[in-house]
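Have a look at the structure below before the remarks.
The values are calculated or read from the model by the stated rules, or taken from the named source; none is laboratory data. The structure displayed is predicted, hence computed values, not measured ones. Cβ coordinates were reconstructed from backbone atoms using ideal geometry, including for glycine residues, and neighbour counts include every protein chain displayed. Accessible surface areas use protein heavy atoms only, side chains included; no ligands, DNA or RNA. Shrake-Rupley method; radii C 1.70, N 1.55, O 1.52, S 1.80 Å.
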2 protein chains.
Amino acid sequence: MKFHPTFKTGAMATALLLAFATTVQAGTGPTTISERARAIQAKAINLDTHLDTPALFSRPGWKISDRHSFEQDGSQIDYPRMVEGGLDGGFWVVFTSQGERDAQGDLKARDAGLKRLSEIREMVAANADKFELATTADDAARIKAAGKKSVYISMENAYPLEHDPSLLSFYYKQGLRMISLAHISHNDFADSAGMGVAPEGEHGGLSDKGKAMIAEANRLGIILDQSHASNTVFDQMLALSKAPIILSHSGAYDVFAHSRNIDDARIRALASKGGVIQVNSLGGYLIDTGATPEYREEMRKVYAAFGGQRRLSDAERAQAKAKIAELDRKHGIRTADFDDYMRHLLHIIEVAGWEHVGLGADWDGGGGVEGYEDITALPKVVQALLDAGYDERQIGGILGGNTVRLIREVQALADPEAVKAALE
Amino acid sequence: MKFHPTFKTGAMATALLLAFATTVQAGTGPTTISERARAIQAKAINLDTHLDTPALFSRPGWKISDRHSFEQDGSQIDYPRMVEGGLDGGFWVVFTSQGERDAQGDLKARDAGLKRLSEIREMVAANADKFELATTADDAARIKAAGKKSVYISMENAYPLEHDPSLLSFYYKQGLRMISLAHISHNDFADSAGMGVAPEGEHGGLSDKGKAMIAEANRLGIILDQSHASNTVFDQMLALSKAPIILSHSGAYDVFAHSRNIDDARIRALASKGGVIQVNSLGGYLIDTGATPEYREEMRKVYAAFGGQRRLSDAERAQAKAKIAELDRKHGIRTADFDDYMRHLLHIIEVAGWEHVGLGADWDGGGGVEGYEDITALPKVVQALLDAGYDERQIGGILGGNTVRLIREVQALADPEAVKAALE
């Protein structure tokens, strides 16, 4: 929709102009948030199931208690912005980029995973007045009531467990309650969905090691996350897992045919088994941006010239952004926006039923689109769901209630003896 | 010495009476600390090389930032008492009690070690205004200058590495800079010195796995700690290690013939290779207390009735103490005191030379004697060293300078490529 500001003087005019600047574009979503939307969010437990923010914890000078801006440093989650956007917490990810699958690569991944796990716990320890570790379904409401944000821990890519899968028991002790097996390429556990068109499988879905990991996750009540794995892995995981599963950050293949999205038939199968799908906001998975392999290679080089995407200074980030913008013009790249995100979300709610849908926007992991740049924009989703006719109960489920139910169900199906032994 | 207070009125009289009450007993050390002693401590870097305090970090409600008392909760180190006693930091121990050496025991130990390592880092994260992680020789002075306490990390008993010795690389990344191989019983790496009379060896000193660990520690610049291992391990470690070694908390066998102490010939051999011995204050290693195996078994049962020594409530601790006092009377147990501690310390300085001696009092790990109950008593050692005729330079070395030198030497002998790879 168009936004017609009434020009006023002074600070209010500036505020309106700023609002205008960021919302005038079509496709960027609601420009005002109703009281009702605010009230629904205040009552709901707002969880995002895929927060890649832990990748920033070791960035020199970056503190979760400071307010940052996406524009300036590219980050999308911090405590002040969580408060502003009404996010009560979520699953904070131990992510490991897939590297070499030899002995040395596996050891490096093992160390990197354990280090990230420790970083998440150190962040909570350093901010005990703002964050609290969450491990059970009830923790989310309790921590919200205490005025803090919940930190559930998940793992994206089980590469750190290739060297020694028995380390899962340690991760569990330290709070891990969700795990995905593979990232953007195959590993020892499972075939990946790749990054556009699904690559040929290596294991025909899950390897034996992957199947064993599923059994062990079930035993401990760790939620299995299929996001990034292949469709065959989806089918096998759904068949093998004794507990419902999650897609922590995925989109709808029937809206945009990308190998990271999941088709309607599988969405229905997921829901019929009690699972949930949490909708991703990564632009390249939402629409056909026109990105070609050549474009991606040129973009990779831009970041490589700065020594990688994660460690940029604010100045380097600005330079990189300018170069990417130039690349985008050259290649005619289209940019996804808030409406594109809602198109996936609303389609998935339609197909799965609202009880089986939630939010996993891939913040700080590539997520975010025009009009939905960081977590402060979360209320827009609530407003858009209201505008689409969903009620308080349904929206509360999508914002986090469904995830809480899943945590409860998966943990109820765990082996109590195994849980007791693991926590000793 | 005897203490003859001059009675005065008011606060001064009270202070003197309090001083009298705690120091009237013979053997409990200096009753006043001179300005010179205070000045020497203020200038020195005061490090204790064996702080078992991390065992308390998971005790419910126990916070290192609170002031506790040994009388009330049995603890000996916390931030306020470190400030009072002038301790600038030290090596904080990842200690694991030796359990079963089967696959399951090894896994439990692996998880326990990693958890303790994380707890140490979480303590530092939660108290960043008071503590800082230290990994190099220069860190100690830098952190003291910044008004904080240094947290070097060490491991007592390599049991957590039995399942997978390659985990050492992760410990190193996270800050580990000292390691001992065995505790009070043999394990896969080395023979133990046991708890009184040395038991028969299992490996004839070091196993092949133990020898490999020595090579790896040398490569990374991790200080090798012989405390608790057998005399044969001492001889082999000294011969094999390319870097000088430490005895992080040991006493003099020629003062009291206990298998946890080391004889003069070995002290001289240690010093001749540049090593240091840090003197322990655990009473049962300092004098013949008269404790028999029967007494120890009865004491064990007292604690076992409360579910172990570590998790006692203050009330349970008081009850246990009363029962132990009763046991002590029944068995005619003698109690070590400050003078007994100084007897070991002064003997070892005599034998090793002051450049090769330091303090590793086993605080929160069984250390402490009458008149030297917690870290607030540290200035007494400084005073006693002054009284014994040692000068500022010598005392500074003993308080921590010698340890700093050892850290520097061991790290200088590391393989720079290995260090670089491990820190990547």
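Tally the residues that are open to solvent by less than 60 Å² (accessible area, probe 1.4 Å), free of Cβ contacts under 8 Å to residues at least 24 places away in the same chain and within 13 Å of B:MET237 (Cα to Cα), restricting the search to region B:199-211. So the count comes out to 1. One residue alone among B:SER281, B:SER250 is in contact with a helix residue (DSSP H, G or I) (Cβ under 6 Å, 6 or more places away or on another chain), open to solvent by less than 60 Å² (accessible area, probe 1.4 Å) and either touching a residue at least 40 places away in the same chain (Cβ under 8 Å) or assigned to a helix (DSSP H, G or I) (or both), and that residue is B:SER281. The condition (being open to solvent by less than 10 Å² (accessible area, probe 1.4 Å) and within 16 Å of the chain's Cα centre (by Cα)) is satisfied by just one residue among A:ILE223, A:ILE214: A:ILE223. Within region B:94-106, the set of residues being in a helix (DSSP H, G or I) and either away from chain A (no Cβ under 11 Å) or among the polar types (S, T, N, Q) (or both) comprises B:GLN104, B:GLY105.
With the condition kept exactly as written, say whether any residue in region B:138-151 is in contact with a strand residue (DSSP E or B) (Cβ under 7 Å, 6 or more places away or on another chain), within 25 Å of A:ASN127 (Cα to Cα) and within 11 Å of chain A (Cβ to nearest Cβ). No, there is no match, as no residue in region B:138-151 is in contact with a strand residue (DSSP E or B) (Cβ under 7 Å, 6 or more places away or on another chain), within 25 Å of A:ASN127 (Cα to Cα) and within 11 Å of chain A (Cβ to nearest Cβ).
Scanning region A:141-182 for residues that are in a strand (DSSP E or B) and acidic (Asp, Glu) turns up just one, A:GLU156. For region A:227-247, the tally of residues that are among the hydrophobic types (A, V, I, L, M, F, W, C) and either farther than 21 Å from A:LEU406 by Cα or in a loop (DSSP other than H, G, I, E, B) (or both) stands at 2.
Screening region A:330-339 for residues that are assigned to a helix (DSSP H, G or I) and in contact with a helix residue (DSSP H, G or I) (Cβ under 8 Å, 6 or more places away or on another chain) and picking the one that is modelled with the highest pLDDT gives A:PHE338.
When A:ALA109, A:ALA55 are checked against the criterion of being assigned to a helix (DSSP H, G or I), of a type in the set (Gly, Ala, Ser) and open to solvent by 10 Å² or more (accessible area, probe 1.4 Å), a single residue qualifies: A:ALA55.
Taken as a whole, the structure leaves A:GLU373 outside the set of residues that are modelled with pLDDT of 95 or more, away from every other protein chain (no Cβ under 14 Å) and more than 17 Å from the chain's Cα centre (by Cα).
At least 3 residues being free of Cβ contacts under 8 Å to residues at least 60 places away in the same chain is the threshold, and among the helices (runs of 4 or more DSSP H) wholly inside region A:340-424 those reaching it are A:416-423. Against the conditions (1) within 14 Å of another protein chain (Cβ to nearest Cβ); (2) of a type in the set (S, T, N, Q); (3) within 19 Å of the chain's Cα centre (by Cα), B:SER75 satisfies every one except (1). When you look at B:ALA269, is it assigned to a helix (DSSP H, G or I), open to solvent by 30 Å² or more (accessible area, probe 1.4 Å) and modelled with pLDDT of 95 or more, yes or no? Taking the combined requirement at face value, the residue satisfies it. Has region B:199-206 got at least one residue that is of a type in the set (A, V, I, L, M), away from chain A (no Cβ under 14 Å), out of contact with any His (no Cβ under 8 Å at 6 or more places or on another chain) and under 21 Å from B:VAL276 (Cβ atoms)? Within region B:199-206, one or more residues are of a type in the set (A, V, I, L, M), away from chain A (no Cβ under 14 Å), out of contact with any His (no Cβ under 8 Å at 6 or more places or on another chain) and under 21 Å from B:VAL276 (Cβ atoms).
All of B:ASP391, B:ASP339 fail the test of being acidic (Asp, Glu) and surrounded by 18 or more Cβ atoms within 10 Å (Cβ to Cβ), apart from B:ASP339. Candidates are the residues of region B:62-72 that are within 12 Å of chain A (Cβ to nearest Cβ) and farther than 23 Å from B:VAL381 by Cβ; the one that is surrounded by the most Cβ atoms within 10 Å (Cβ to Cβ) is B:LYS63.
Scanning region A:302-322 turns up one or more residues that are of a type in the set (D, E, K, R) and without any contact (Cβ under 8 Å) to a residue 24 or more places away in the chain. Residues of region B:160-196 being away from chain A (no Cβ under 14 Å) and open to solvent by 10 Å² or more (accessible area, probe 1.4 Å), which ones? Matches in region B:160-196: B:ARG177, B:HIS183, B:ILE184, B:SER185, B:HIS186, B:ASP188, B:MET195, B:GLY196. For region B:122-133, the set of residues classified as closer than 18 Å to B:ARG177 by Cα and either more than 10 Å from chain A (Cβ to nearest Cβ) or open to solvent by 40 Å² or more (accessible area, probe 1.4 Å) (or both) consists of B:PHE131, B:GLU132, B:LEU133, listed by residue number. Would a scan of region B:82-93 turn up a residue that is within 14 Å of chain A (Cβ to nearest Cβ) and open to solvent by less than 50 Å² (accessible area, probe 1.4 Å)? Checking region B:82-93: not a single residue is within 14 Å of chain A (Cβ to nearest Cβ) and open to solvent by less than 50 Å² (accessible area, probe 1.4 Å). Just one residue in the set A:SER230, A:SER241 is without any contact (Cβ under 8 Å) to a residue 60 or more places away in the chain, surrounded by 18 or more Cβ atoms within 10 Å (Cβ to Cβ) and out of contact with any helix residue (DSSP H, G or I) (no Cβ under 9 Å at 6 or more places or on another chain); that residue is A:SER230. Scanning region B:23-68 for residues that are under 15 Å from B:GLU370 (Cα atoms) and in contact (Cβ under 8 Å) with a residue 24 or more places away in the chain yields B:THR23, B:GLN25, B:ALA26, B:GLY27, B:THR28, B:GLY29, B:PRO30, B:THR31.
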